[in-house]
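Quick notes on the structure that follows.
Nothing in this text is a laboratory measurement; each read-out follows from the coordinates by a stated rule. Fair warning: this is a prediction, and the values are worked out from it, not measured in the lab. A quick note on method: Cβ atoms are made from the backbone with ideal geometry, for glycine too, and the neighbour counts reach across all protein chains shown.
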Amino acid sequence: MDIPSLSIALSQSKLYQEVGVSVMEMAMDSIKMQGTDLTKMMEATTKIMQQSVNPHIGGNIDISV
């Protein structure tokens, strides 16, 4: 059993695992940002669609004293 080569192999294995976890965390952050952006876009689209169906609603304010 060659101790130095075993040590190097274990060190490389640990490094590969750490890199994999780091890449996965970056991908998860990116997916969370995309989900947030998609939600915002859907909310904006919903408001625009409501305005197109009822264009007269919310355009005027009636104030009587």
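Points worth noting:
- For the chain, the longest principal axis of the C-alpha atoms and the axis of helix 3-53 are separated by about 10°.
- Hits among lysines - C-alpha to C-alpha of Lys32 under 20 Å, sequence gap 8 or more where chains match: Lys40
- Given (i) 31, 29, 19; (ii) 90, 28, 9; (iii) 93, 26, 8, the label whose value is Cα extents along the principal axes in Å derived from this model: (iii)
- Evaluated with a Cβ-only charge set (Lys, Arg +1; Asp, Glu -1), the chain carries a dipole of roughly 140 debye about its Cα centre, given to the nearest 20.
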